[in-house]
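The values are calculated or read from the model by the stated rules, or taken from the named source; none is laboratory data. These numbers were taken from a predicted model, which means no experiment stands behind them. Every residue, glycine as well, gets a Cβ built from its backbone with ideal geometry; the counts of neighbours run over all protein chains shown.
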Amino acid sequence: MFFWIHFRNIAILLMFLCLMTGSDVFAKTIKGTDKKYNKTSKREIRKRKGAKSNFSGEWKFGLGSGYVSDEINKQNISGIFGSAKINYGLHPAFAINLEPFVGLNSGQAQSLYGEFESGNSIGVNEASVFWTPFEFVDMSAGILNQRRIDNQLLIKNTTFPGIYGRIYFIKHKDFTSNVEAEGAIPTSYTMNSQARELEKTPVFYAQTLRFGFRPGKRLNGELWLTHFTFENLPSTVAKKSNTLGNTVTNNYDFDYKFDGISAGAKTTIPLYDDILDINLGARLLKNNKAPEGLNAGHELSVELKISTMYEIDLRPRISLFRNEPDASPAYYNSSEYGNSNRHGYAYGIGVVFNRWNFKLNGKYIDSHLIYRDPFQAHRRTIKLTLETLDVRF
């Protein structure tokens, strides 16, 4: 605990230094380098990006179908989805990142406790301003996607409004080392009938130490260690999480707070020429505020990439997961695995048609309960998707 308190303070101090020194660099850039920027910077940016303007992006769309069934809930749904990633460079040190998405679904769902909600949605996966005051420092502010956490047992790929900063100790093509810090507001929506009183603003903090290596074209890996904290989670989050596996005895307040560690490692290893690669992954989770038997989670995965002479890749995958009842807030973690109080397996197969720029994916998830819960039951999930690969524009 002593280590993490100091690590958090150091991360906050580093972000403060980024703001102070970065603002000085920005002022000098605006005052002293405008002429040079007008003459050369735009040309250099175009040269580096290989584009004729500061605007770049990519899009994809697809079709999908899913089936979820247990003794309490049932869902059978099909739909279309699309997303885009748009980047616009305002200045050599500034850029706007926008990732809109749309999902239109139709089907049938039955949910005793309101777990399944309307599937039609339009929104953003990220909408942020990206700032690079130095080559080894960058920051983002706005609507941030929590894929940075890279542990769906803690947080799925949802968005929180917040600020994120990263400082590199080593930034080399073969090896990187950096520290990251994030402060955000966990999203939730409360109707008047659900709120007991005006509640405090919830916050989420994360501090990460990360190492990456890429000694070869196909050999690469990454290690990371994150300290996380949720504070002031509202009663509507607790009430919903009560039906998703968390311990909430009075239906409005979590029995345990959430402050702990998320760690992970992943690597790609070439096994045979350009034909066979293996991807290995591991994620660990522990909530220091909950007792043993309720506070831990892990996910282990193995995926093969088999390349054929027809420019078709086969990608079989298997995952083993366990997420104890109070390791993380169930409202924010993976609904695909059944949220909290779950353990089981996920099997998948992907077929990537590189020449024609699309892929097929299939997945089967078998999710059991760790402890008996009146709101949950053994669940099976099947998902099928057909989608394009990213198309640049």
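Which ones in segment 248-280 are free of Cβ contacts under 8 Å to residues at least 24 places away in the same chain and closer than 23 Å to L209 by Cα?
L280, the sole residue that qualifies.
Collect the residues in segment 152-186 that are aliphatic (A, V, I, L, M) and either out of contact with any Cys (no Cβ under 9 Å at 6 or more places or on another chain) or under 15 Å from P329 (Cα atoms) (or both), keeping them in residue-number order.
Matches in segment 152-186: L153, L154, I155, I163, I170, V179, A181, A184, I185.
Within segment 308-325, can one find any residue that is at positive phi and touching a residue at least 40 places away in the same chain (Cβ under 8 Å)?
yes
From the list N339, N361, which one is at pLDDT 95 or above, outside any strand (DSSP E or B), within 25 Å of G64 (Cβ to Cβ) and not charged (D, E, K, R)?
N339
List the number of the failed condition for G165; all other conditions in (1) more than 22 Å from A93 (Cβ to Cβ); (2) buried (at least 22 other Cβ atoms within 10 Å of the Cβ); (3) in contact with a strand residue (DSSP E or B) (Cβ under 6 Å, 6 or more places away or on another chain) hold.
All conditions pass for G165, except number (1).
Condition check ((1) closer than 26 Å to F116 by Cα; (2) out of contact with any strand residue (DSSP E or B) (no Cβ under 7 Å at 6 or more places or on another chain)) across all residues:
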| site | (1), (2) |
| --- | --- |
| R317 | no, no |
| D326 | yes, no |
| A330 | yes, yes |
| G338 | yes, no |
| G344 | yes, no |
| G350 | no, no |
| N357 | no, no |
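What about A327, is it closer than 27 Å to F211 by Cβ, in a loop (DSSP other than H, G, I, E, B), modelled with pLDDT of 95 or more and of a type in the set (A, V, I, L, M, F, W, C)?
For A327, the condition - closer than 27 Å to F211 by Cβ, in a loop (DSSP other than H, G, I, E, B), modelled with pLDDT of 95 or more and of a type in the set (A, V, I, L, M, F, W, C) - is met.
Within segment 258-265, can one find any residue that is acidic (D, E), crowded, with 18+ Cβ neighbours inside 10 Å and in a strand (DSSP E or B)?
For segment 258-265, residues acidic (D, E), crowded, with 18+ Cβ neighbours inside 10 Å and in a strand (DSSP E or B): absent.
Would you check if there is a residue in segment 292-311 being buried (at least 21 other Cβ atoms within 10 Å of the Cβ) and modelled with pLDDT under 95?
No; the residues of segment 292-311 include none that is buried (at least 21 other Cβ atoms within 10 Å of the Cβ) and modelled with pLDDT under 95.
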